[in-house]
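Remarks on the structure that follows.
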Protein chains: 2
Amino acid sequence: MVAALRSHFNGKTKISGNFGSLSGIAAVFSACLLSALPAYAVEIASPDGRIVVDVDTRNGIPGYSITFNDKPVLNFSRLGLQFQKAPDFVEGFDIASVETKTTDLVWTQPWGEEKDIRDHHKEARIVFQSQTGPARQMTVTFRVFDDGVGFRYDIPAQAGVDAIKITDELTEFTFHDNLKAWWIPAYKDNRYEYQYAASSIDSLDVIHTPATFEGDKIAISIHEAALTDYASMTLRRPMMHGQTLKADLVPWADGIKVYANASFKTPWRTIQIADTAYELANSRMILNLNEPNALGDVSWVKPGKYVGIWWCAHIRTCTWETGEKHGATTENTMRYMDFAAKYGFDGVLVEGWNIGWDGNWYENGDLFRFTEPTPDFDIEKIAAHGRKVGVPLIGHHETSANIVNYEKQLDAAFAFSEKHGMRAVKTGYVGSRLNDTEWHHGQYMVQHFQNVVETAARHHIAIDAHEPIKDTGLRRTYPNMMTREGARGGEYDAWSHAAQGNHPDHATILPYTRMLSGPMDYTAGIVDLRFGEQEENGVSSTVAKQLALMVVIYSPLQMAADLPENYEGHPGFQFIRDVPADWEESIALDGRIGAYFVMARKDRNSPDWYLGAVSDEQARTITVPLDFLDNATTYRAEIYADGEGAHWLDNPQPLAVKTKTVTAEDSLNLELAQGGGQAIRFTPLAAR
Amino acid sequence: MVAALRSHFNGKTKISGNFGSLSGIAAVFSACLLSALPAYAVEIASPDGRIVVDVDTRNGIPGYSITFNDKPVLNFSRLGLQFQKAPDFVEGFDIASVETKTTDLVWTQPWGEEKDIRDHHKEARIVFQSQTGPARQMTVTFRVFDDGVGFRYDIPAQAGVDAIKITDELTEFTFHDNLKAWWIPAYKDNRYEYQYAASSIDSLDVIHTPATFEGDKIAISIHEAALTDYASMTLRRPMMHGQTLKADLVPWADGIKVYANASFKTPWRTIQIADTAYELANSRMILNLNEPNALGDVSWVKPGKYVGIWWCAHIRTCTWETGEKHGATTENTMRYMDFAAKYGFDGVLVEGWNIGWDGNWYENGDLFRFTEPTPDFDIEKIAAHGRKVGVPLIGHHETSANIVNYEKQLDAAFAFSEKHGMRAVKTGYVGSRLNDTEWHHGQYMVQHFQNVVETAARHHIAIDAHEPIKDTGLRRTYPNMMTREGARGGEYDAWSHAAQGNHPDHATILPYTRMLSGPMDYTAGIVDLRFGEQEENGVSSTVAKQLALMVVIYSPLQMAADLPENYEGHPGFQFIRDVPADWEESIALDGRIGAYFVMARKDRNSPDWYLGAVSDEQARTITVPLDFLDNATTYRAEIYADGEGAHWLDNPQPLAVKTKTVTAEDSLNLELAQGGGQAIRFTPLAAR
């Protein structure tokens, strides 16, 4: 294998064996044709040996390639950076040195989709040294896990260079095969809120990450981890033909991609690899590539479920703005708090509670005041009632993408939230540009986000960000960065006829794409699926699918989005009450992108398991072995299935609730309707 | 239904019943709020009543809407045109008069996928008259068939306006539902040669037609018919939100969309509608909207199968350019002619036969000479040999998109072809712009194409155009315009590893998209699926799928693309010899876009039926009732199926040939491998 790969590589030949003490990492001393200095080619294998990364130079251009199960995945793909007024890292390089290490440890998430996370990888820190042109040094660190590869540029200060302006990152992902990509377009006004498209790599233009690529016996997701002070990476196909995607950093309005210090690290570029697409959902690599908790004691960060004065505004039975139908009144909020207390929800979100919504807020975001309630919202009374019934408010900061206005008030805003007992704030950035100028995906937004997260942390507030920067796993480092939108959520189903909202396959694509980046505040759990006046609006889903989404789409702050009056007395409400928002373990069991997905999760605070399955517009029967259950236990399965004749468009309401006794040796045949789903709670009955 | 539609329409109310003598066409006299003149709203139903078109004005803006099975398909969608230096057709209009008629006739194709075509439609010719602004008249003719709607602008000369420069066509297609679209991008350098993407309408940017839209119990294809002297129409989604696609005419380099006379007709804008996507493939509406045969006796146009010196160039065992490996030599051509004669093929295509290929022809298209063979290609000897064995040459004119150079030689080129016994010429337009300037899809290419077709007809030559303008059914009017490329064809499988070529789902999307426009010279029939040197290249298909494509992908000039030496002795070759290229009848039997497709066709010259089925990367079993067979006959089915273990990537060669006796009452279970297919010939054994 190594020899075969070598033969592509610029005439270099492997003349020594393993280098260093780690098996699986071979630094190869080779005869260099371009320079009198010795040069290395480096090979790093994953702990299980299935993923192999080769790092080398070709004609002085740094690059890497990847194989999986001895088959090429990425062909030689360049690495490099370009700067304004500083020598570029493009060519003339050779590998000067390599440091290697192996890590195998388990760390614990304070909350999450899985409690204990194993971080097992091999690392090679590779120093590329210029052989021609000005003296330059570019360090790239690769980490190879059983579930993928991460690498980051780690640039030391260069002689004579102070602050750096990055004008381009040359990182490539040159696919060996013309895989089928699942993607949303980048550089669009609607941010990440597009339904996913599927097409071959060689038909792509420019797309956001995470993007997922399917082939024969392989699935790949490309994304990034630990985006804290850099532009976000999109992927652009630069050639007329070909299967190369190139990093395309979202620029500032002035064209510069990133403003950096003389010494800087980029986020990790991540390439998750699995045999099948649904197994990508079991990868924790993105989290592993983030830094450990930087906040210390975060017992004040509390996962949970919430309800809110929100859906009514989307279906137009209440308004954000003040007036007759204003949703955010003292009385209405206390009613929601009572409902939440009665049924065990952990918070009440109220949108439209503050000054700024009246008039055209979309254009006049500088009117928003984050410490000034509307006259009909008595914050003192509400906060007192919340304390009494044990249900805090969830704050809301819609900025309408006016960052200047928000940042001026930021500390006061979170102090206000803290003072009134809030544990979490939902932020919002509706608008096609920040301050009418900057993309939501550039370094400016990344920096602002970091500012918000850190400010919120000082006030012991968690963040649920809408219209956010994409998730890159920062919740590990900042556990108060809990959840976010960053995709088309349930709101798109509120605005129109069911045939006009999210397509039924949307929820069968998200788990393989957007959800690989982290939690999403999707706002599912709608049980009254038809509403509205003139033309009947509705959700493109059955009730069972709405319940299933509360398992399928992970969020540590999970909204049960429907109205209290629709929940009370509904046969599906019991599942919404039962399903937790914090998990011991999560296992994607089966699926096919754009067709179906099955997820099982174990409650973090009980021995119960939960299962969610969702289908696209096809009806289907999925056989699921229950071998994830404890082998020594008999369980009662409470099954929330599509009822007779259920159909996402014609007949969304039928729900069949039944119970069954099962063990780990059984299989269940899940029958999903067209656009349907199934949700199951497994509760231990007895030891077997 | 009508009343319900009225209520959406600008306060107009229906105050009279049917207008004119035709049931199903109701011209509605209504109280107009904007003008003192009376105004009409027009409703036209398809012969079976399932499709209903309403034409009206809203605030003076002309528009139309469509329902299918009483459900809205297109909401009010505007009609209009804008001009340079002439009053626009945008607003201030009302319907002034309506002429209606019904047509029901059968016409016969000289060759085709179906011999006798029924044209059954209702027509309304609607005159919009300006009520405000300068006096203007815009006429739009609608034809409503059971399988869809066509409409065209038919603009009379306007007072004071001479030649017209169209700067925009405002035609909209405002979908009621957010359907799933299957599309290729427009305005790309690689012309139509992209793999199809699937995504929701509200995620689209700008796409080519035909584009296909799938919903619940409905499938729609939008395209155009009779594009003879206009720009081709692409579809652009103009809004951030929403499901409106707007006509986007491909401009000339100077920005003008169309240069027209004072009086002009646009091509027909077509909206084919069916209950399921595969039924779209049974629509002949595009042909029906073209003008009848304008060439008179076309007995010189002969459908058939051909082989050629072509695949060898793509897999690099021969070259287009002269030299040691030159494919187009006298000897090699005569060898192909002998092979063709022995096995019943109707022509031999030879590429690289003429002056111009040596050097960088891609950049130097002005070197191409279309009457000058290379020294090693003795055209006199070859033509004589062809006459002797009864197999004509198929000519080849690669222009490298240099239209100026080609048009200078055009008449001489076709005279040369005619003189040497050729009946067909394959043209080629490789390059991202015509003359480095114009899009392949603009009026310039349309005019050039028309020139080529008419010039060829004068010399009794048929055209097989590669890198063409898209098909809009002109073969009805000009039956020598036989077939074309206009999509990613089999050649993409020649250039690379099987995992890098056409994705296995490509052939399961084409029948629902590209093929709705007309025949395609796909160049299937490859039986040796792995080849090449360093890295093994190959076709992303099984052998059975390659055979099936010769039924699935209709072309009246059907290439059996593999090398003679690969065919001789191959068990699949008998099917390639047997399968005709001219059909009595064609019936799409089953399918799902991007998953599978099943087509049955009856030979035009025998009682035999043929069936082709293709699958994407999934293996599947399809049960096909044989009720298309003659009920009074017993047939022998010669079945070419995927052999044991066949797989498009890992194991493409296994082919299982078997025979079975069947009748119209039987069903067959077609077992298709991953990326596989099945081809069947049904031959009458006896009367039952």
Which whole number gives the average count of other chain Cβ atoms within 10 Å of the Cβ atoms across peptide A:642-654? 1
Point-charge dipole on Cβ atoms (K/R +1, D/E -1) for chain A, about Cα centre, debye to 20: 1640
Degrees separating the helix A:443-458 axis from the principal Cα axis of chain A, which is the longest one: 60
Among A:LYS188/A:LYS545; A:LYS302/A:LYS470; B:LYS85/B:LYS165; A:LYS180/B:LYS545; A:LYS305/A:LYS602; B:LYS180/B:LYS217, which pairs are too far apart, with a Cα-Cα distance over 18 Å? A:LYS188/A:LYS545; A:LYS302/A:LYS470; A:LYS180/B:LYS545
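Defining a contact as two alpha carbons under 8 Å apart and six or more residues distant in sequence, what relative contact order in percent does region B:480-613 show?
24
Under the 0.36 nm per residue contour assumption, what length would be gained going from the current alpha-carbon distance of B:ASP275 and B:ALA686 to full extension?
Values: separation 411, 0.36 × 411 = 147.96 nm, distance 3.63 nm.
Contour length minus the Cα-Cα distance gives 144.3 nm.
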Fraction in percent of alpha-carbon pairs per bin - 5 Å, region B:2-288: 1, 5, 12, 16, 19, 18, 15, 9, 4, 1, 0
Mind pulling the angle between the C-alpha long axis of helix B:330-343 and the longest principal axis of chain B? Nearest 10 degrees, somewhere in 0 to 90. 80
Once both axes come from the Cα atoms, what is the angle between helix A:379-389 and the longest principal axis of chain A, in degrees from 0 to 90, rounded to 10? 80
Leading residue at positive end of dipole, the protein assembly as shown (Cβ point charges), from A:THR209, A:ALA413, B:PRO292: A:ALA413
Taking the label point 7 Å from Cα in the Cβ direction, how far apart in nm is B:GLU380 from each other copy of itself, listed shortest first? 11.2
Nearest-0.05 FRET efficiency for A:ARG620 and A:SER667, computed from C-beta distance (R0 25 Å): 0.95
Taking a label point 7 Å from Cα toward Cβ, how far is A:PHE628 from its twins in the other copies, in nm, shortest first? 4.4
Ignoring everything except DSSP H segments at least 4 long, calculate the 222 nm mean residue ellipticity for the protein assembly as shown; use -39,500 (n - 2.57) per segment, divide by total residues, nearest 500. -4000 deg cm²/dmol
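Restricting to Cα pairs below 8 Å that are 6+ residues apart, what does the relative contact order work out to for region A:2-288? Please round to a whole percent. Please list the in-between numbers first.
Details: 720 pairs, mean separation 41.9, N = 287.
Relative contact order for region A:2-288 comes out at 15 percent.
Would you mind calculating the relative contact order of chain B from Cα pairs under 8 angstrom and at least 6 residues apart, reporting the percent as a whole number? Mind dumping the intermediate values first?
On the way: 1865 pairs, mean separation 68.7, N = 688.
It rounds to 10 percent for chain B.
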Give the whole-number value, in cubic angstrom per residue, of the convex hull volume spanned by the C-alpha atoms of the protein assembly as shown. 195
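Can you figure out the FRET efficiency of B:ASN364 with B:ALA384, using R₀ = 30 Å and their beta-carbon distance, to the nearest 0.05?
On the way: r = 32 Å, r/R0 = 1.08.
After rounding, the FRET efficiency stands at 0.40.
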So what are the radius of gyration and Dmax for the Cα set of chain B, in Å? 25.7, 81
Shortest-first distances to equivalent copies, position A:GLY323, nm, label 7 Å out along Cβ: 7.5
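The numbers here are math on the coordinates, done by the rules we state, and not lab data. Bear in mind the structure is a predicted one, so any value in this text is a computation, not a measurement. Cβ: placed from backbone, ideal geometry, glycine included. Neighbour counts: every protein chain shown.
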